[in-house]
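What follows is a set of notes on a single structure, which appears directly below.
Please treat every number below as a calculation from the coordinates, not as lab data. Everything quoted here is computed from the prediction, not taken from an experiment.
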Amino acid sequence: KPNKMVRAIRQQYHNNWIVDNLNSASRTETDDNEVTRYWQGFPLGFVSDDDDKAYIHNHVNLEISYHQVEDRKDKFRIVKFVVEPFSIKHTYEREDSPTEAPIYKLKN
């Protein structure tokens, strides 16, 4: 039985981030083109076509655009907030210690 996160990814649940009262847009890319989608938030993850497994997006790129408020040099307004989710497969090495719990370090 899949856990709650796998079920949420398969049901296309989204994170909804808000900056300065502006909902995030989501940028997705295909092999043919790049499309900016303006929906509530961005997907938690994706289901791979290769193995039908659910994968969580463990990184995001944030794009925030702003404009200066007219006649106010000290005020700015956010006009665009885009989240580009993606996944990176990390690998770790285990280092055993005789006196402490094992430590896992990111492999380069």
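A few notes on this one:
- Just checking the listed ones, 43, 98, 85: in the Gaussian network model of the chain with Cα springs under 10 Å, the one fluctuating most is 98.
- Square roots of five times the Cα gyration tensor eigenvalues for the chain, Å: 35, 22, 14
- Sequence-distant aspartates and glutamates (8 or more away, or on other chains) whose Cα lies within less than 19 Å of residue 80: 20, 29, 34, 63, 70
- Karplus 3J(HN,Hα) series, Hz, for region 67-73 with 6.51 cos²θ - 1.76 cosθ + 1.60 (x for Gly, Pro): 10, 6, 6, 4, 6, 9, 5
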